[in-house]
1. With a ≥ b ≥ c taken as the square roots of the eigenvalues of the C-alpha gyration tensor of segment 256-303, please select rounded if a/c is under 1.5 and otherwise prolate if a/b is larger than b/c or oblate if it is not?
2. Roughly speaking, what is the stretch gain from Ser248 to Ala310, that is 0.36 nm per residue apart minus the C-alpha to C-alpha distance, in nm to one decimal?
3. Quick one: 3J(HN,Hα) in Hz for segment 74-84, Karplus 6.51/-1.76/1.60 with θ = phi - 60°, rounded, Gly and Pro as x.
4. Using label points projected 7 Å from each Cα along Cα→Cβ, tell me how many nm separate Glu99 and Thr188, to one decimal.
5. Please check: in the Gaussian network model of the chain (C-alpha springs, under 10 Å), which one of Ser55, Ser20, Ser39 has the largest mean-square fluctuation.
6. Mind giving me the nanometre distance, one decimal, between the label points for Thr274 and Gln212, set 7 Å out from Cα along Cα→Cβ?
7. In a GNM of the chain with a 10 Å cut-off on Cα contacts, which of Glu315, Glu156, Glu183 has the highest mean-square fluctuation?
8. If I stretch the segment between Leu61 and Ala176 completely, what's the gain in nm (0.36 nm per residue apart, minus their alpha carbon distance), one decimal?
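Please treat every number below as a calculation from the coordinates, not as lab data. These figures come from a predicted structure and were not determined experimentally. No Cβ is skipped: glycine too gets one built from the backbone with ideal geometry, and neighbour counts run over all protein chains shown.
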Amino acid sequence: MSNLHALHAAGVSVWSDQISRSMLQTGELARRVRHDTVSGVTSNPTIFASAITKSTDYDDLLGEMAKRDASTDEIYAALITRDIQQAADVLQKVFVETEGRDGFVSVEVSPELAADTEATLAEAREWVKRIDRPNLLVKIPATAEGLPAIRGALAEGISINVTLIFSLHRYREVMAAWLDGLEGFAATGGDLRTVASVASFFVSRVDTEVDQRLEAIGGERALSLRGQAAVANARVAYGLFGDILGGSRGKALTARGARFQRPLWASTSTKNPTYRDTLYVDTLVAPDTVNTMPLETIDAYQDHGPSKPAPFDDEDIDAARQTLADLERVGVPYAEVVAVLEREGVEKFVKSFRELWADLDRKRQVMAGA
């Protein structure tokens with residue numbers, strides 16, 4: 001059994017955090033599904049910006065549509081739709097074999113809508129119609145304005161990947177939106193078994209922000225806490241996940257066939273070169289979780305990750321709470337850190353989306369005149 005198979009056996013679903021025309025055309029995604037236990041794919045504006053603008057893989061459809069005077073918005077939607085549909089088709093077998101528990105592909109609503117509840121919900125509906133695959137998750141950011149859109153989408157039976165979660169407070173709100181949404185769907189006669197959801201908790205960026213602050217504070221105690229905040233934050237979140245599922249509302253929903261909203265560890269590539277490259281994988285092993293990784297991290301874990309991954313337990317969660325308390329004591333304010341990360345997370349995705357749109361528009365104009 002390979003290292004990735006062992007990780008899967010420990011209850012972790014391995015998802016790729018990137019998709020591209022090349023991965024689909026060469027059969028790389030299908031190969032990774034077969035051999036690396038990859039059972040899902042996520043995407044975001046940054047990933048698509050890199051795939052589309054740094055290759056000629058998309059020029060065929062782009063050129064064809066440009067010559068038909070299609071708008072940049074239409075071209076963007078068509079390019080994304082083609083990749084997401086084909087990835088969903090590759091993962092359809094996983095979706096069927098796991099009875100709808102796995103095998104999903106995620107597509108993100110425009111990050112420019114992060115502060116607009118109604119527009120976010122409308123675009124989520126549009127992506128469901130456009131992709132037309134049962135194993136689609138629509139990504140909605142966990143901003144204050146995104147929460148009611150998440151609740152509303154779930155109440156309509158739309159499967160959701162809640163993205164850009166950094167704080168424990170926001171995660172509690174996300175889980176409350178999940179409970180409210182599914183209860184609303186059930187009240188209208190909806191089949192709870194048809195709705196899936198994951199909550200994407202961003203990991204490595206927490207260490208990047210906290211470590212900078214610890215180094216600015218200095219001193220033995222502060223510096224000894226470097227590289228611990230991200231894992232502690234995620235482990236405490238997993239504890240909250242267990243609390244909600246064990247509560248009366250969670251039990252009532254799962255008794256009616258609801259699929260619980262699994263924690264998903266996102267941003268799990270190691271940004272600090274002094275940390276091991278599988279840090280945010282082998283420390284976050286727990287049943288009923290997803291770890292979405294870039295291909296390099298998937299390969300690293302397959303090559304030298306633990307062959308017998310050890311799940312963290314309740315004692316580890318208690319220790320994680322202590323770590324977060326220690327960080328506060330040395331002068332790292334948790335609320336300020338997560339607020340910065342959420343704001344920057346949205347800003348980065350908006351920047352990538354605008355750059356992608358501008359590059360597509362330039363290509364469209366060139367090809368339309370060719």
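1. Details: a/c = 2.78, a/b = 2.52, b/c = 1.10.
Judged from the Cα gyration tensor, segment 256-303 comes out prolate (a/c at least 1.5, a/b above b/c).
2. Details: separation 62, 0.36 × 62 = 22.32 nm, distance 2.97 nm.
Using 0.36 nm per residue and subtracting the Cα-Cα distance, I get 19.3 nm.
3. 5, 5, 4, 4, 5, 5, 5, 4, 4, 5, 5
4. The two pseudo-label positions are separated by 2.6 nm.
5. For the chain, modelled as a Gaussian network with Cα springs under 10 Å, the answer is Ser55.
6. Each label point lies 7 Å from its Cα, and together they span 1.7 nm.
7. Of the options given, Glu315 has the highest mean-square fluctuation.
8. Working: separation 115, 0.36 × 115 = 41.40 nm, distance 4.17 nm.
Fully extending the segment from Leu61 to Ala176 adds 37.2 nm.
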